[in-house]
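Colleague: The structure is given below, and queries will be raised subsequently.
The values are calculated or read from the model by the stated rules, or taken from the named source; none is laboratory data. These numbers were taken from a predicted model, which means no experiment stands behind them. Because the Cβ atoms are built from the backbone with ideal geometry, glycine has one as well, and the counts that use them run over all protein chains shown. Ligands, DNA and RNA are stripped out before the accessible areas are found, and what is left, the full protein with its side chains, is counted by its heavy atoms. Shrake-Rupley method; radii C 1.70, N 1.55, O 1.52, S 1.80 Å.
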Amino acid sequence: MAARSSQDAVHAAPEVVSSSTTGNDAKADIAQVERVMSTTEDNMEKDHMNYDRVDQELAKYAHATRVVISPEENKRLKRMIDRRVLPIMVFTYFLQALDKGTMSFASIMGIRKDANLKNDYQYAWLTTCIYIAVLIVEYPTNWTIQRVPIAKYLGFNILAWSTTLALHSVCWNFPSLIAVRTLLGIFEAVCQPTFLVLSSMWYKREEQAEIVTYWYMMNGMQQIVGGLLAYCFTLIKSPPSPLRSWQAIFLTYGCFSVLWGIFVLYWLPDSPMRAKCFSEEDKALMVERVRSNQTGLQNKTFRAEQIKEALLDPQTWCYCLIAICTTLPTSGLGAFSQIIIKGFKFTTLQTQLLAMVLGVVIILTLLSSTWLVKKTNQNTLTMGLYVIPSFIGTIVLMTVRNHNKASQVGLLISYYIVLSFWAAQTLSMSLLSRNIAGQTKKTVVVAMNFISWATGNAIGPQVFLSRDAPRYFIAFSTHMGCYVLLVIVIAFLRWHLKKQNAMKDRLAEAGLREANDEHLVHAFDDLTDRENPNFRYIY
């Protein structure tokens with residue numbers, strides 16, 4: 001057992017017992033669930049952390065019961081984590097968003113003509129193929145994340161997608177672009193699920209919404225930086241330059257990302273237990289710091305019954321529907337952002353610069369929604385509130401014609417406020433990381449969420465039809481349907497989570513000690529959120 005700070009007050013621990021493993025895993029799991037739910041006098045006397053279910057690497061650092069960490073010590077630990085882990089997540093996501101969004105900027109830099117892309121249908125497939133690839137590899141990727149050194153796996157994939165991005169510069173036809181875009185999707189599939197795991201591994205539940213927002217808002221930052229860089233690359237003229245502007249942007253981004261991948265391999269620790277950059281004492285405290293999450297930290301044991309629970313949990317399908325309802329509009333608006341803005345009768349250079357404003361809107365939306373959640377502790381209500389501007393903006397885009405300067409500006413502003421629904425997407429991901437417990441269950445739910453995310457992203461560009469340009473009435477009508485369904489799902493999710501908490505509160509009132517376990521004895525027992533009576537949902 002690792003040492004603990006003398007400044008920390010430690011609760012008296014219940015008896016610690018490691019029972020021998022007998023029978024198959026399924027029987028052991030059933031016995032564990034029965035033990036947790038038991039209210040017998042014998043169980044009350046012998047309650048303990050079950051080391052047969054706790055990951056062995058984690059068990060070396062986890063205390064038998066909760067260690068109370070002082071606020072000052074907690075701040076010190078969080079600062080250490082923020083310096084080591086958070087910048088990697090934030091900048092890696094920025095690069096991934098920049099790399100993925102480069103095609104949108106290149107679309108008005110001559111690539112469609114040079115690669116002989118005949119229509120918007122072929123161009124749309126350059127985005128759709130990425131997410132079809134994600135659909136195929138998402139579960140294998142999530143399974144791998146849980147079982148290999150996560151930092152090393154992330155670094156390898158950064159190197160792979162960076163090389164693939166650089167290869168875009170030598171593609172001169174539709175088939176070759178489809179090939180590299182598909183490979184890009186395969187390697188970039190690791191990014192978001194890895195960051196959800198890292199967020200729940202290093203940060204407390206009350207911190208995770210903010211952390212997820214920090215890296216997810218890099219979608220907006222890439223619009224700002226990407227717009228500025230795209231403007232600069234647009235100034236490259238061929239001849240005299242041997243490279244076309246779109247070739248230069250792909251090659252530059254790819255080479256820079258390779259260097260970043262090498263740095264990630266060196267700098268990012270795989271887990272608190274493997275962080276050689278921290279002392280043994282601090283590693284133990286970092287493990288104890290996230291005990292209160294009750295979502296686990298690391299466990300490589302496969303538990304089949306958790307798959308069944310994941311599939312039957314209404315919460316799972318709510319997150320999937322939210323992912324589809326938000327990414328379907330997002331991917332279409334993202335892939336066609338330059339084309340839509342240029343369709344408002346702006347020049348190419350004006351369009352590149354106006355994309356920077358779009359990034360500011362996204363960042364302000366995500367930061368303000370996170371601030372509101374932190375202030376009110378109302379996640380689902382905030383999600384619903386931020387869908388309202390999307391309704392208003394979409395209605396304006398569908399009904400107002402561009403006939404003068406005033407309508408041009410009005411349409412542009414309406415397009416900007418449509419993206420307010422991104423707050424729902426970000427908060428949904430943070431709810432998933434905080435409300436799903438059990439490592440096998442979390443693997444399945446995260447995989448299903450990002451399969452849904454990929455499905456929405458794959459469909460999104462396809463509803464923008466060439467014959468419907470420049471107003472894209474069919475696309476925006478589809479988006480309206482998504483917003484309506486999104487509000488219904490958010491309302492149901494809120495009702496469901498409140499109901500589940502009420503049931504567990506009744507168990508606590510009835511005297512079930514595990515439903516009111518201040519010592520958090522079973523926090524690392526790899527119990528699911530339903531198996532653990534002490535778990536309470538955030539909504």
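Colleague: Using the Cβ atoms and a cut-off under 15 Å, what net charge is assigned to the surroundings of S257, where Lys and Arg are +1 and Asp and Glu are -1?
Modeller: -1
Colleague: Additional query: If you average the sequence gap of Cα pairs under 8 Å that are 6 or more apart and divide by the length of segment 303-538, what percent do you get for the contact order? Intermediate values should be presented prior to the final figure.
Modeller: Values: 274 pairs, mean separation 79.9, N = 236.
Reported relative contact order: 34 percent.
Colleague: Got a sec to turn the phi values of segment 360-376 into Karplus ³J(HN,Hα) couplings, 6.51 cos²θ - 1.76 cosθ + 1.60 with θ = phi - 60°, whole Hz, x for Gly and Pro?
Modeller: 4, 4, 4, 4, 5, 4, 5, 5, 5, 5, 5, 4, 5, 5, 5, 6, 9
Colleague: Right, something else. Kindly report, to the nearest 10 Å², the accessible surface of F473 as traced by a 1.4 Å probe over protein heavy atoms only.
Modeller: About 110 Å², rounded to the nearest 10.
Colleague: Shifting gears a bit: For a 28 Å ceiling on Cα separation, which of these pairs sit above it: K113/K405; K441/K498; K60/K442?
Modeller: From the list (K113/K405; K441/K498; K60/K442), the Cα-Cα distance tops 28 Å for K113/K405.
Colleague: OK, next. Give a residue-ordered list of calculated ³J(HN,Hα) values for segment 111-122 (Karplus: 6.51 cos²θ - 1.76 cosθ + 1.60, θ = phi - 60°; whole Hz; x for Gly, Pro).
Modeller: 5, 5, 6, 5, 8, 6, 7, 6, 7, 5, 4, 5
Colleague: Sort 320-328, 155-163, 69-77 by the packing proxy (mean of other Cβ within 10 Å over each peptide's residues), most packed first.
Modeller: Listed from highest to lowest mean packing, they are 320-328, 155-163, 69-77.
Colleague: Please compute the Kirkwood hydrodynamic radius over segment 303-538, one decimal place, Å, based on all pairs of different Cα atoms.
Modeller: The answer is 19.4 Å.
Colleague: Here's another thing I want to ask about it. Using 1/(1 + (r/R0)^6) with R0 = 30 angstrom and r between the beta carbons of Q408 and I236, what's the FRET efficiency to the nearest 0.05?
Modeller: 0.55
Colleague: Also, quick follow-up: Evaluate the Kirkwood expression for the hydrodynamic radius of segment 367-475, namely the inverse of the mean inverse distance over all pairs of different C-alpha atoms, and round to one decimal in Å.
Modeller: So the Kirkwood estimate lands at 16.3 Å.
Colleague: Can you give me the P(r) profile for segment 259-318? Cα pairs, bins 5 angstrom wide beginning at 0, each as a whole percent.
Modeller: 4, 14, 14, 15, 16, 13, 13, 10, 2
Colleague: In what order, largest first, do D505, D270 sit by accessible area if the probe radius is 1.4 Å?
Modeller: So, going from the largest accessible area down, we get D505, D270.
Colleague: I would also like to ask the following. Work out, step by step, the length gained on full extension between D505 and E281: first 0.36 nm times the residue separation, then minus their alpha carbon distance; give nm to one decimal.
Modeller: Net length gain for the segment: 77.1 nm.
Colleague: Place a point 7 Å from the Cα of T347 along the Cα-to-Cβ direction; which residues of segment 400-424 have their backbone N under 12 Å from it?
Modeller: Counting backbone N atoms under 12 Å from the label point, the list is empty.
Colleague: A further question on this structure: For the charge dipole of segment 66-294, defined by +1 on Lys and Arg C-beta atoms and -1 on Asp and Glu C-beta atoms about the Cα centroid, which residue among I178, M89, L167 has the Cα displaced farthest towards the positive pole?
Modeller: After comparing all options, I get L167.
Colleague: Around V225, under 14 Å between beta carbons, what's the net of Lys plus Arg minus Asp minus Glu among the other residues?
Modeller: Its environment carries a net charge of 0.
Colleague: Another one. Obtain the nm distance between the two label points defined at V170 and K498 by a simple spin-label model: each point lies 7 Å from its Cα along the Cα-to-C-beta direction.
Modeller: 6.0
Colleague: Towards the positive end of the charge dipole of segment 66-294, with charges on Cβ (+1 Lys, Arg; -1 Asp, Glu), say which of I211, A284, A124 has the farthest Cα.
Modeller: A124
Colleague: Right, next: Taking segment 258-375 on its own, what percent of its Cα-Cα pair distances exceed 19 Å?
Modeller: Pairs farther apart than 19 Å: 75 percent.
Colleague: Ranked from the most accessible area to the least, with a 1.4 Å probe and all protein chains present, what is the order of L235, L184?
Modeller: L235, L184
Colleague: With a point put 7 Å past each Cα toward its Cβ, work out how far Y121 is from A304 in nm, to one decimal.
Modeller: Using points 7 Å along Cα→Cβ, the separation is 4.7 nm.
Colleague: Could you order the peptides 89-101, 273-285 from most to least packed, using the average number of other C-beta atoms within 10 Å per residue?
Modeller: Descending mean neighbour count gives 89-101, 273-285.
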